[in-house]
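**Q** Dropping a structure here in structure tokens format, bear with me for questions.
Bear in mind these aren't lab numbers, they're just calculated from the coordinates by the rules spelled out. Keep in mind that what you see is a predicted model, and the values were worked out from it rather than measured. Positions of Cβ are backbone-derived with ideal geometry, glycine not excepted, and every protein chain shown enters the neighbour counts.
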Amino acid sequence: MKLIFLGPPGAGKGTQAQRLSEKYHIAQISTGDMLRAEVQSGSEIGLKAKKIMEAGSLFPDDLMVKMIKQRIEKDDCKYGFILDGFPRNVDQAKALDQMFAEQHLKLDAVLLLEVDEKRLADRISNRFSCAKCGASYNKQFKKPKKEGVCDVCGSTELVFRSDDNKDTVLERLRVYREQTAPLLPYYKEKKCLYPINGMKSVDAVTKDIDLILKKIKM
């Protein structure tokens, strides 16, 4: 199963991708995490990426696609994978399509988490995480069982991201509308786009995704 997750920042792509990864034994590929790992490893691509980022330049699409190609050749991708964070625009989607064609791969679905932007801004500005293990929480609907203590690792280092304020979130949403939203008609034309109400509870969204995947696999 080869999937792409689309949706604005904070829509819950990472959470849902993690759940799908565990249930279907497919790899969750976050391009941001992948990029950081390459830089840390000191690989050839990682060294190029480090220079690009240090110069403040945009990361070239061809280099990102090359990284994805190398990543999906690993053993944990033999049953499939989920791309979270790529593509971000139509040019990247076309580059990804070309790589898929060269590797004789078929994209099964593009899952779009649709959200109400005002409610999403409220949701994001209330989230925080554990500095030790990365577990995520929210002041509105996902508090730790014991206040100030991480459920997963027991750490008391719970922190808010500096960019999770309403002004920053609204700017990120504006960028998403301008750059990423044009992907929707692109994938709709390919008949592989599946909109999902991302404002439902986490469990309800997971259930809706499962129904879509069952329909695809039939």
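**Q** Please list 3J(HN,Hα) in residue order for the range 59-70, calculated via the Karplus relation 6.51 cos²θ - 1.76 cosθ + 1.60 where θ = phi - 60°; whole Hz, with x for glycine and proline.
**A** Going residue by residue, I get 6, x, 4, 5, 6, 5, 5, 4, 5, 5, 4, 5 Hz, with x marking Gly and Pro.
**Q** Looking at the chain, identify the longest residue range that excludes and avoids all trypsin sites (Lys or Arg not before Pro) in DSSP loops having at most 16 other Cβ atoms within 10 Å.
**A** Between the exposed loop sites, the longest stretch runs 1-73.
**Q** Cut-off 10 angstrom, C-alpha nodes, Gaussian network model of the chain. Which of Leu158, Leu170, Leu112 fluctuates the most?
**A** Its mean-square fluctuation being the largest, the pick is Leu158.
**Q** OK, next. As a test, work out the antiparallel percent of DSSP beta bridges whose residues both lie in the chain, rounded to the nearest 5.
**A** 30
**Q** Now, a different point. Among Glu171, Glu147, Glu73, whose mean-square fluctuation peaks in a Gaussian network model of the chain (Cα, cutoff 10 Å)?
**A** Highest fluctuation among the options: Glu147.
**Q** Express in nm, to one decimal, how much length is gained between Asp108 and Phe160 on full extension, taking 0.36 nm for each residue of separation and deducting their alpha carbon distance.
**A** In short, 15.2 nm is gained.
**Q** Any idea what the relative contact order of the range 30-187 is, in percent, if you count C-alpha pairs under 8 Å spaced at least 6 apart?
**A** 19
**Q** Name the shape class, rounded, prolate or oblate, that the alpha-carbon gyration tensor gives for the range 139-218, where a ≥ b ≥ c are the square roots of its eigenvalues, rounded holds for a/c under 1.5, and otherwise prolate holds if a/b is larger than b/c and oblate otherwise.
**A** Verdict is oblate for the range 139-218.
**Q** Further question: Karplus couplings for the range 83-88 from phi (6.51 cos²θ - 1.76 cosθ + 1.60, θ = phi - 60°), rounded to Hz, Gly and Pro as x?
**A** Running phi through 6.51 cos²θ - 1.76 cosθ + 1.60 with θ = phi - 60° gives 8, 10, x, 7, x, 10 Hz.
**Q** Oh, and also: List every residue whose amide H lies under 5 Å from the amide H of Phe128, counting only residues 5 or more places away in sequence or on a different chain, with H placed 1.01 Å from N in the peptide plane.
**A** Excluding prolines and chain starts, which carry no amide H, the hits are Tyr137, Asn138, Lys139.
**Q** Hey, another quick one. 7 Å from Cα along Cα→Cβ at both Glu117 and Cys153: what's the point-to-point distance in nm?
**A** For the pair Glu117/Cys153, the computed spacing is 3.6 nm.
**Q** Only counting other Cβ atoms within 10 Å, I'd like Tyr186, Tyr79 sorted with the fewest neighbours first.
**A** In order of increasing Cβ crowding within 10 Å: Tyr79, Tyr186.
**Q** List the pairs from Lys50/Lys191; Lys50/Lys118; Lys23/Lys69 whose alpha-carbon separation is above 28 Å, in the order I gave them.
**A** Lys50/Lys191; Lys50/Lys118
**Q** Please list, in chain and number order, the residues 5+ apart from Ala109 or on another chain whose amide H is under 5 Å from its amide H, with Hs placed from the backbone.
**A** Amide H neighbours of Ala109, under 5 Å, 5+ apart: Lys2, Ile4.
**Q** Provide the FRET efficiency to the nearest 0.05 for the Met99-Lys139 pair, computing r from the beta carbons and using R0 = 45 Å.
**A** Efficiency, rounded to the nearest 0.05: 0.65.
**Q** Would you mind counting up the charge near Lys132? Only other residues with Cβ under 13 Å from its Cβ, with Lys and Arg at +1 and Asp and Glu at -1.
**A** -2
**Q** Right, here's the next one. Using Cβ counts within 10 Å as a stand-in for footprinting exposure, how do Leu63, Leu111, Leu211 rank, fewest first?
**A** Neighbour counts put them in this order, fewest first: Leu211, Leu63, Leu111.
**Q** On to the next question. Mind computing the radius of gyration and Dmax over the alpha-carbon atoms of the chain? Å is fine for both.
**A** According to the Cα coordinates of the chain, Rg and Dmax are 17.8, 51 Å.
**Q** Something else now. Using only the Cα atoms, work out Rg/Rh for the range 55-115, with Rh taken as the Kirkwood radius, to two decimals.
**A** 0.98
**Q** How far apart, in nm, are the 7 Å Cα→Cβ label points at Lys66 and Val175?
**A** 2.4
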